[in-house]
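The values are calculated or read from the model by the stated rules, or taken from the named source; none is laboratory data. Keep in mind that what you see is a predicted model, and the values were worked out from it rather than measured. Glycine gets a Cβ as well: all are built from the backbone with ideal geometry, and neighbour counts include every protein chain shown.
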Amino acid sequence: MNHNPVNPEPKRPPLIRQRTLKAMMAAFAAVLGALLLAEGWAHRHVIFPWEEWYGFYAAFGFVAYVILVFVAQYVLRPIVIRDEGYYDR
Amino acid sequence: MTADAFPPGLILILAAVPAALLRGRLRQAWMLLVPALSLCNMLALPDGNHFLLPFFRQELVLARVDRLSVVFGIIFHIIAFIANLYALKVEDRFQNAAGLVYAGAAVGAVFAGDLFTLFVFWEMMTLSATFLIMARRTEKSMAAGFRYFMVHVVSGLCLLGGILLQVNDTGTVAFGYIGLGTLSSWLIFIGFGVNSAWPLLHFWLPDAYPEATVTGAVFLSAFTTKTAVYVLARAYPGTEALIWIGAAMTVFPIFFAVIENNLRRVLSYSLINQVGFMMVGIGIGTQLSLNGTVSHAFSHILYKALLFMSMGAVLHQTGKINATDVGGLFRSMPWTCAFCIVGAASISAFPLFSGFVSKSMVMEAAALGDLRLVWFLMLFASAGVLHHAGIKIPFSAFFSHDSGIRCKEAPLPMLLAMGLAAALCIGIGVFPQPLYSLLPYPTDFQPYTAGHVVSQAQLLLFAALAFALMLLSGTHPPEIRAINLDVDVLTRMGGRAFYRLADRTLNALNDWADEAVSHRLTRRIALFFRMPACNVQRLGFRALALLCGNHAWMKEKMSLSEARCETGAHPVGDGVLRAVLFLTVLTILVLIW
C-alpha cells in the first residue's frame, strides 16, 4: 500500500470554477438581451436623429471597442513599441 | 480681512513643518486632523474677497470665495484627507511634508484672486510635486522627477511672462476672465495648458506619475491637472479651441492605454482622457457644460485616486505593477480588488456610479450645442474608457492569468482610504443632488431617466461583450513586456542629442583653446623670453635670409649671435630689450586709447 502523501490539485476559488464562469456568461447574455428589449420600452429624450435607431448605442459600443483594440494593436503598437531598456542605453 | 480664519491652504502648508518633525501616532493624528481643520477654516469664509494685501500699488487677494472656488476647495480637502489616510504608515519626512504643501498650494491656487498669488502657489505645487516623485528614490524616479520639474519650470516661465504682459496691458493683477486675443492671454493659456496635459504637451504626465511613490501618485492624480481645469474654467470659458483640444485628449490617450504594460501608466493615460471631457465642457462654455466640467472634476478626483490607490496597493504588496507580472491577485487582495472594481465602474460611467452623473452633463451639453463630431469622439472615448480603465486595470491585476503571487492584503489604513473613496463614488452615483447643489450654476439635470440608463448600459456592456468575445477567440492583444514611445522621446532623446552636440562642439573648442593657449602659446612665449635678444636677431636673420636667399651667411651670423647670448657678450642687454619692448607696447596702447 502506498502511503506517500499525494498533494491534491489545489481547489480553484469559486470565482473561477468552470461552472461559475458559465453561469456568469449566461447571466451576462441575459442582461444584454434584456437591455436590447428594454430599449423598446424606455423612452429616451433624443437630440440627434441616429439616437433613435434601434440598438445604436449597443452597436456603437461593440464596434468602437473592436476598432480601438485593433488600431492600437496593429497600427500604433508596431510604431511605438521598444524594448524595456530602450531609454537606458 | 477676516480675523477669525486663515487664508485657505495656509493651514495645510504650515502644517507640513510639524508633519516633517513628528513621529508615530502623533504624526498620524496630525495628518488626519489637518485637512479637517483646514476644511472647516475654508467653509467659515463667506463669499467675497478676503485677505487683501497691498503690493506695488496693486492688491493681492489671498481668498476669493465663490461657488467655483469652494467646490474645488471642498474636493481638494476631501482627497487630501483620503490620501493622508492612505499614506498613514509612511514614515518619510519628505513625502509627508511634500504631500501637505502640495495640497495646500493647490487649495491656495484655486482661491487666489490675483495672478501673482496664483503664480506663487502654482510654482509651490511644482516644487512639492517633484519631491513626491523623487521620494521614491530610484534612478528612474529621480530622472522622471527632474524632467517633470524642468517641464513645469518652462511652463511656469511661460505663465509668468504672460502674467507680466497681462498686468502691463490691463494695469491690474486681478485674476478673472481673460479669453484669447493678446500675446499675454496666449502665454497664460499655454502655461495652463501644460498643466492640463494637452496633446503634445502631455508627455510629462505618463512619464512622471508612474514613477512617483505609491502614496505620492494619489496626491499627484488629484491636484495638478484639476487646478489647471479650475483656472481654465475661470479664465477661458467658452474658448472654442478648448473644445477641440479636449476632444483630442479624450481620444488619443486611450490607444496608448490599450498597449501599455505598466498599470499606473495606463491610469496616467486614462487621466488625460478624463481631463479631455472637462476641457470640452470649458470650451462649450454654457452653464450646463461648466457644471459638467466641475462635477466631472469632482467625481474624477475620487475615482482616479481610488484607482491609483488600488494599483498602489498592488505595487506596495507585490513590488510589481506591470500587467505581465501581476494577475490573479483577487485571491490575496479581495478588498483591494472590490474597491478597484468600484473605481473602474465609476470611471466607465456605469449607472449608480459617480462618472455616470457627471460625464453625461458634458455629453448632453455637446449634443445641445450640435457639436456632432465632438459628441461622436467623446462617445468613442467613453467606450474606450471601459477597455483600459474599466476592464484592463482590474482584470490584469486581479484576474487574468494567475501570476502565482500570494501576498497579504493591503494594510488597514490603505483599505480604509480606498473604502472611503469607493463609498463616495457610489454615494455620488446614487445620490447626485448634494454634488449638483455645490456646482457653480443651479441645475435641474436628471441623469436617471430610463432611456439614458439603458443607452449607457448598452454602450458599456456591448463593449464588454466585444472584450469577452475577443478574449475567448484569442484575438485580444496580449500584454507585452515593452515600453511605448510617446512625445517624451523628443525630450529624452532631444536632451541626449543636445548633450552630444554640446560635448562635441563646445568641449572640442575648449580642448583646442586649452592646447593652443595653455600649452603651445605659453611654451613659445617662454622660449622666446629665455633669450629674447638672440631670438629677435634670429627672426631678423630669417627674414633677411628669405629676402636674400643666402642661407650660409644666415647660419654663420645666427651661430655668432647665439654664442654672444650664451656668453653674455651681446651688444644689447636682454634687460634693455625687454624695457624697450615694454615701452613700445605701452606707447601703442596709449596711442590707441
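Name the single residue, out of those in the stretch B:484-516 being among the acidic types (Asp, Glu) and in contact (Cβ under 8 Å) with a residue 12 or more places away in the chain, that is farthest from the other protein chains (Cβ to nearest Cβ).
Here the answer is B:488.
Quick check: is even one residue across the stretch B:249-262 under 29 Å from residue B:9 (Cα atoms) and at pLDDT 95 or above?
There is no residue in the stretch B:249-262 that is under 29 Å from residue B:9 (Cα atoms) and at pLDDT 95 or above.
Suppose we keep only residues that are within 24 Å of the chain's Cα centre (by Cα) and of a type in the set (S, T, N, Q) within the stretch B:303-325. Which one would you say is surrounded by the most Cβ atoms within 10 Å (Cβ to Cβ)?
Among residues in the stretch B:303-325 that are within 24 Å of the chain's Cα centre (by Cα) and of a type in the set (S, T, N, Q), the one surrounded by the most Cβ atoms within 10 Å (Cβ to Cβ) is B:310.
Quick test for you: out of B:349, B:381, B:344, B:367, pick the one residue that is free of Cβ contacts under 8 Å to residues at least 12 places away in the same chain and either of a type in the set (D, E, K, R) or under 24 Å from residue B:463 (Cα atoms) (or both).
So the residue among B:349, B:381, B:344, B:367 that is free of Cβ contacts under 8 Å to residues at least 12 places away in the same chain and either of a type in the set (D, E, K, R) or under 24 Å from residue B:463 (Cα atoms) (or both) is B:367.
Among the residues of the stretch B:450-498 satisfying the criterion of being of a type in the set (S, T, N, Q) and surrounded by 14 or more Cβ atoms within 10 Å (Cβ to Cβ), which is nearest to residue B:260 (Cα to Cα)?
Applying the filter and picking the extreme gives B:484.
Could you tell me whether residue B:98 is surrounded by 24 or more Cβ atoms within 10 Å (Cβ to Cβ) and part of a helix (DSSP H, G or I)?
Here the answer is yes, as residue B:98 does meet what is asked.
Wholly within the stretch B:518-569, which helices (runs of 4 or more DSSP H) include no fewer than the required count, namely at least 1 residues that are among the hydroxyl-bearing types (Ser, Thr, Tyr), surrounded by 15 or more Cβ atoms within 10 Å (Cβ to Cβ) and over 60 Å from the mean Cα position of the chain (by Cα)?
Output list reads B:551-567.
Conditions (1) touching a Phe, Trp or Tyr at 6+ places or on another chain (Cβ under 8 Å); (2) among the hydroxyl-bearing types (Ser, Thr, Tyr); (3) farther than 20 Å from residue B:302 by Cα; (4) at pLDDT 95 or above, marked per residue:
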| residue | (1), (2), (3), (4) |
| --- | --- |
| B:22 | yes, no, yes, no |
| B:30 | no, no, yes, yes |
| B:34 | no, no, no, yes |
| B:56 | no, no, yes, no |
| B:68 | yes, no, no, yes |
| B:78 | no, no, no, yes |
| B:82 | no, no, no, yes |
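Can you confirm whether residue B:353 is modelled with pLDDT under 95 and under 26 Å from residue B:419 (Cβ atoms)?
Here the answer is no, as residue B:353 does not meet what is asked.
Being at pLDDT 95 or above, over 22 Å from residue B:276 (Cα atoms) and under 27 Å from the mean Cα position of the chain (by Cα), is that true of even one residue in the stretch B:406-415?
yes
Which residue pairs have Cβ atoms closer than 6 Å, lie 6 or more positions apart in sequence or on different chains, and pair a first residue in the stretch B:456-483 that is at the interface with chain A (Cβ under 7 Å from one of its Cβ atoms) with a second residue that is basic (Lys, Arg)?
That search, which allows pairs on different chains as well, returns B:483/A:82.
Among the residues of the stretch B:109-132, write down those that are within 15 Å of residue B:72 (Cα to Cα) and in contact with a strand residue (DSSP E or B) (Cβ under 6 Å, 6 or more places away or on another chain).
If the condition is that a residue be within 15 Å of residue B:72 (Cα to Cα) and in contact with a strand residue (DSSP E or B) (Cβ under 6 Å, 6 or more places away or on another chain), then B:111, B:113 are the ones that fit.
Please work out if residue B:405 is buried (at least 16 other Cβ atoms within 10 Å of the Cβ), away from chain A (no Cβ under 11 Å) and of a type outside the set (Ser, Thr, Tyr).
Yes; evaluated as a whole, the condition is true for this residue.
Restricting the stretch B:55-64 to residues that are hydrophobic (A, V, I, L, M, F, W, C) and farther than 13 Å from residue B:175 by Cα, which is surrounded by the fewest Cβ atoms within 10 Å (Cβ to Cβ)?
B:56
Please work out if residue B:328 is within 11 Å of another protein chain (Cβ to nearest Cβ), more than 28 Å from residue B:469 (Cα to Cα) and either surrounded by fewer than 24 Cβ atoms within 10 Å (Cβ to Cβ) or in contact with a strand residue (DSSP E or B) (Cβ under 7 Å, 6 or more places away or on another chain) (or both).
Criteria not met by residue B:328.
When you scan the stretch B:178-292 for helices (runs of 4 or more DSSP H) that lie fully inside it, which ones turn up with 2 or more residues that are in contact (Cβ under 8 Å) with a residue 24 or more places away in the chain, surrounded by fewer than 24 Cβ atoms within 10 Å (Cβ to Cβ) and away from chain A (no Cβ under 14 Å)?
B:183-196, B:216-235, B:240-259
I need the full set of residues from the stretch B:421-449 which are within 14 Å of chain A (Cβ to nearest Cβ) and surrounded by 15 or more Cβ atoms within 10 Å (Cβ to Cβ), in order please.
Correct list: B:445, B:447.
Would the stretch B:303-321 turn up any residue that is at pLDDT below 95, under 30 Å from residue B:240 (Cβ atoms) and part of a helix (DSSP H, G or I)?
no
Do we have residue B:460 as out of contact with any helix residue (DSSP H, G or I) (no Cβ under 7 Å at 6 or more places or on another chain) and not hydroxyl-bearing (Ser, Thr, Tyr) here?
Answer is no for this residue.
Provide a single number: the residues in the stretch B:75-94 that are in a loop (DSSP other than H, G, I, E, B), hydrophobic (A, V, I, L, M, F, W, C) and surrounded by fewer than 24 Cβ atoms within 10 Å (Cβ to Cβ).
Residues in the stretch B:75-94 being in a loop (DSSP other than H, G, I, E, B), hydrophobic (A, V, I, L, M, F, W, C) and surrounded by fewer than 24 Cβ atoms within 10 Å (Cβ to Cβ): 2 in total.
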